[in-house]
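The values are calculated or read from the model by the stated rules, or taken from the named source; none is laboratory data. Computed from a predicted model, the values in this text were never measured in an experiment. Reconstructed Cβ throughout: ideal geometry from the backbone, glycine too, with neighbour counts over all protein chains shown.
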Amino acid sequence: MKRTLIFQTPNFINQQVKVCGWVNTARTHGKIIFIDLRDRSGLLQVTFAKDTSSQVFDLAKRLKPEWVVEITGVVQKRPKGTENPDLITGEIELLAQDLKILSEAKSLPFSIQSEGYEISEEKRLKYRYLDLRRERLKRNLILRQEVIHEVRNFLKDNGFVEVETPILTKSTPEGARDFLVPSRLQPGKFYALPQSPQQYKQLLMVAGVEKYFQIARCFRDEDPRADRQAEFTQIDIEMSFVEQEDILQIVEKMIQEVVKKIFPEKRIKEFPFLRLNYQDVMKEYGTDKPDLRENKENDDELAFLFVVNFPMFEWSKEEKRWKAMHHPFTRPQTEDLSLIKEKPGEILAYQYDLVLNGYEIGGGSLRSYKKEILETVFEVLGHKKEEVKEKFGHLLEAFEYGVPPHGGIALGLDRLLAILLKEPNIREVIPFPKTGDSRDLMMNAPSEVGEEQLKELHIKVEKQEDKNEDK
Ligand code: ASP
């Protein structure tokens, strides 16, 4: 007999079905045992009556929460007055005829019946596979997929091509430290994990793709911060032959579509999204990510804002040099170009951020596609010619073979989801997040590796004790 999913059981009144899943709760009332059976589609009340089969009844007496079972029985309407309007199966129950115990379960380290916010995060992350059984996290996982699905459909329908770019690659500056991967085949050399697919997506524009997107994993080795993750996901976009407005408009429409289809209860405060100058926003709100909701208590209000016309450079006091406000590939505004070397602090860039309810959820820019401009930017940033050649020579060379004007943006998917799902932090919308200090408590990573493996990688680890002894 084929398995029936729980949410379909109401279509089989007075018929026999087989269901599989986990025991959500079990309770005995004299000659009747009630269990709530849970599968990915919902909950179903199952009754075992002593009169039906005492053998099955005796087996059912053993059942405990989270045991995995297969039950065959007949779907029946519940007696009047015992219906449960909260369940899609609330008008029916399954009268069990047969029971198979597929696996038993120890009692769980924490309850999965609550929302889970009250449980220590260490525990929840260590047993994430149990935490994910929780209704709230299951909902988050599914809505994450729905949003990604909608984004993919929207971009594909608008002529974008989804391209996967490498994870083992070379450093691209996005302002964080790189994660490095030692090469076994090229002793002493290292790959960097991408801080973003920035250079690849620009090279795809040289390749003639014109409209690129990717649901891209990015890796940044930053100091611990409560609501940051070393690996996170971006909706990454790049387009050729466009102006800034074209990029802002496609993002705006994509988000509108996602909200309309998946979160119809939410209200976008203003459409098209407001566009404000960086200088004006700073003057008015003292931050470049103001929360412009009318009523901050109302989480169904979405106040989007594009902050535009950022300065190209900012002065780093610690490093005593100019740094790119976004990244060096950003294009300085044309009318300011003549001042680029004399007064770097005064020039603006074609750069924009997307802000939602007080959070920066994305950023991007038009790019310097003229080799000379890109080289000048590197010069202002204090890079030596040789260093530029070594680090970015491939990109500069590519620009000699017919590069279209281009620009793009990347949206932080995790943050966007956390806001849409009203979650207090991004770990609640990431299936397998790490702790604030980047440990995976479930897999126990990072972890030490054997001598043999290190040798193959031509690596020697300086032990903390050895270091102390040397002193
Ligand atoms: N690569 C940039 C970032 O990760 C986004 C972009 O400029 O498109 O912030």
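Taking region 399-422, which residues are in contact with a Leu (Cβ under 9 Å, 6 or more places away or on another chain), within 16 Å of the ligand (Cβ to nearest atom) and either assigned to a loop (DSSP other than H, G, I, E, B) or closer than 13 Å to Asp236 by Cα (or both)?
Matches in region 399-422: Pro405, Gly407, Gly408, Ile409, Leu411.
If we scan region 331-343, do we find a residue that is more than 30 Å from Phe213 (Cα to Cα), touching a residue at least 60 places away in the same chain (Cβ under 8 Å), in contact with a strand residue (DSSP E or B) (Cβ under 8 Å, 6 or more places away or on another chain) and buried (at least 16 other Cβ atoms within 10 Å of the Cβ)?
no
If I filter region 203-231 down to residues being surrounded by 13 or more Cβ atoms within 10 Å (Cβ to Cβ) and among the basic types (Lys, Arg), which single residue comes out as nearest to Leu457 (Cα to Cα)?
Ranking the candidates gives Arg220 first.
Is there any pair with a first residue in region 316-329 that is within 16 Å of the ligand (Cβ to nearest atom) and a second that is aromatic (Phe, Trp, Tyr) and at pLDDT 90 or above whose Cβ atoms are under 6 Å apart and which are 6 or more apart or on different chains, and what are they?
Met325/Phe310
Out of the residues in region 269-315 meeting the condition of being assigned to a loop (DSSP other than H, G, I, E, B) and aliphatic (A, V, I, L, M), tell me which one is surrounded by the most Cβ atoms within 10 Å (Cβ to Cβ).
To start, the set of residues in region 269-315 that are assigned to a loop (DSSP other than H, G, I, E, B) comprises 269-273, 286-300, 303, 309-310, 312.
From what is left, the residues that are aliphatic (A, V, I, L, M) are 292, 303, 312.
Working: Leu292: 20, Ala303: 20, Met312: 26.
Applying the filter and picking the extreme gives Met312.
With the requirement that a residue be within 19 Å of Gln279 (Cβ to Cβ) and either part of a loop (DSSP other than H, G, I, E, B) or in contact with an Asp or Glu (Cβ under 8 Å, 6 or more places away or on another chain) (or both), what does region 327-344 give you?
Matches in region 327-344: Arg331, Gln333, Asp336, Leu339, Ile340, Lys343.
Please work out which residue is nearest to Arg331 (Cα to Cα), limiting yourself to region 171-202 and to residues that are loosely packed, with under 15 Cβ neighbours inside 10 Å and small (Gly, Ala, Ser).
Gly175
Is it the case that some residue within region 360-370 is away from the ligand (no atom under 16 Å from the Cβ) and surrounded by 12 or more Cβ atoms within 10 Å (Cβ to Cβ)?
Checked against the condition, which is being away from the ligand (no atom under 16 Å from the Cβ) and surrounded by 12 or more Cβ atoms within 10 Å (Cβ to Cβ), region 360-370 yields at least one hit.
Taking the residues in region 34-49 that are over 21 Å from Leu108 (Cβ atoms) and out of contact with any Asp or Glu (no Cβ under 9 Å at 6 or more places or on another chain) as candidates, determine which candidate is surrounded by the most Cβ atoms within 10 Å (Cβ to Cβ).
Phe48
Take region 295-312 and flag every residue that is within 16 Å of the ligand (Cβ to nearest atom) and among the hydrophobic types (A, V, I, L, M, F, W, C).
Phe306, Val307, Val308, Phe310, Met312
Do any residues in region 116-134 that are at positive phi have Cβ atoms under 6 Å from those of residues that are part of a loop (DSSP other than H, G, I, E, B), where the two are at least six apart or on different chains, and which pairs are they?
Gly116/Arg134
Pick out, from region 161-268, the strands (runs of 3 or more DSSP E) lying fully within it that include 2 or more residues that are in contact with a Pro (Cβ under 7 Å, 6 or more places away or on another chain), within 13 Å of the ligand (Cβ to nearest atom) and more than 24 Å from Pro446 (Cα to Cα). I'd like the intermediate steps shown before the answer.
Working: elements: 180-182, 190-192, 211-219, 231-240.
Output list is empty.
Taking region 96-148, which residues are more than 16 Å from Asn425 (Cα to Cα) and polar (S, T, N, Q)?
Matches in region 96-148: Gln97, Ser103, Ser107, Ser111, Gln113, Ser114, Gln145.
Consider Asp86 against the criteria (1) among the charged types (D, E, K, R); (2) in contact (Cβ under 8 Å) with a residue 40 or more places away in the chain; (3) surrounded by fewer than 15 Cβ atoms within 10 Å (Cβ to Cβ): it satisfies all of them except one. Which criterion is unmet?
For Asp86, the exception is condition (2).
Has region 272-284 got any residue that is within 16 Å of the ligand (Cβ to nearest atom) and over 29 Å from Ile142 (Cβ atoms)?
Yes, that holds for at least one residue.
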